[in-house]
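Peer 1: Below you'll find the structure I mean.
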Amino acid sequence: ASPATGPNLVGGYVDNTITTGVVGSVIAGGGESGAPNRVTDHFGVVVGGAWNTAGINNGDVSDSEYAFVGGGSGNTAASPFTAVIGGSANSAEARYAVVGGGWMNYVAGSFGALLGGQNNGAEGAYSTIGGGGWNLATGAGATIAGGGGSLDLGGGTQVISNTVTGLLGSIGGGGYNLVSG
């Protein structure tokens, strides 16, 4: 249970907001016209950048406590104890998930980590992606060190580069690899 009181600090752009009822939260700075920073859950922190959100804006101010966004643009830490350090359009969506940076990366598995790159997804619990692009780790404990690229098949169809769906599977790098067992 969260305390009933605690200071909030809001700096930076005038439209940066901390949701009413939230306690112990900080927006250190950043934000801009049309892209303010916001904290929606108890003890959330946004250090800077623009259009970043710590928490889930669903009316429950305690379901994504301790969410952290370091900076960048359009990043969301949307679960308890999650962190997005920087980059753009990244999201940490499960408990204890971390995204280091890059572009359009997400971690949807609890205790997952994704260091950077672009268009990567760590969906399995304890899954890890070091970087690269268009990599997908869905198996529990799956690891993709990096590599990858997108293969355009035309008509809007793209192939995910490296995929690990198996329990504790790993790919060291390269492209268009699949580990499923």
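Peer 1: Within the stretch 149-170, take every residue that is more than 16 Å from Asn119 (Cβ to Cβ), modelled with pLDDT of 85 or more and of a type outside the set (S, T, N, Q) and give me the one that is surrounded by the most Cβ atoms within 10 Å (Cβ to Cβ). I'd like the intermediate steps shown before the answer.
Peer 2: Just the residues of the stretch 149-170 that are more than 16 Å from Asn119 (Cβ to Cβ), to begin with: 154-155, 165-170.
Going one step further and asking which of them are modelled with pLDDT of 85 or more, we end up with 165-170.
Narrowing the set further to residues that are of a type outside the set (S, T, N, Q) leaves 166-169.
Details: Gly166: 17, Leu167: 11, Leu168: 14, Gly169: 22.
Looking at the filtered set, the residue picked out is Gly169.
Peer 1: Mind telling me which of the residues Gly48, Gly21 ends up being small (Gly, Ala, Ser), assigned to a loop (DSSP other than H, G, I, E, B), in contact (Cβ under 8 Å) with a residue 12 or more places away in the chain and open to solvent by less than 30 Å² (accessible area, probe 1.4 Å)?
Peer 2: Just one listed residue meets the conditions, Gly48.
Peer 1: Given (1) modelled with pLDDT under 95; (2) over 30 Å from Ala35 (Cβ atoms); (3) in a loop (DSSP other than H, G, I, E, B), where does Gly131 come up short, assuming only one miss?
Peer 2: That leaves (2) as the condition not met.
Peer 1: Right, here's the next one. Can we say Gly175 is small (Gly, Ala, Ser), open to solvent by less than 20 Å² (accessible area, probe 1.4 Å), touching a strand residue (DSSP E or B) at 6+ places or on another chain (Cβ under 6 Å) and not in a strand (DSSP E or B)?
Peer 2: Values: small (Gly, Ala, Ser): yes; open to solvent by less than 20 Å² (accessible area, probe 1.4 Å): no; touching a strand residue (DSSP E or B) at 6+ places or on another chain (Cβ under 6 Å): yes; not in a strand (DSSP E or B): yes.
The answer is no for Gly175.
Peer 1: Residues in the stretch 24-45 that are surrounded by fewer than 23 Cβ atoms within 10 Å (Cβ to Cβ) and out of contact with any strand residue (DSSP E or B) (no Cβ under 6 Å at 6 or more places or on another chain): how many? If you could, list the steps in order and put the result at the bottom.
Peer 2: To start, the set of residues in the stretch 24-45 that are surrounded by fewer than 23 Cβ atoms within 10 Å (Cβ to Cβ) comprises 24, 26, 28-29, 32-36, 45.
So of that shortlist, the ones also out of contact with any strand residue (DSSP E or B) (no Cβ under 6 Å at 6 or more places or on another chain) come out as 24, 28-29, 33-34, 36.
The total comes to 6.
The values are calculated or read from the model by the stated rules, or taken from the named source; none is laboratory data. Values in this document were obtained by computation on a predicted structure and should not be read as measured data. Backbone-built Cβ (ideal geometry, glycine too); neighbour counts: all protein chains shown. Only protein heavy atoms, including side chains, enter the accessible area calculation; ligands, DNA and RNA are left aside. Shrake-Rupley method; radii C 1.70, N 1.55, O 1.52, S 1.80 Å.
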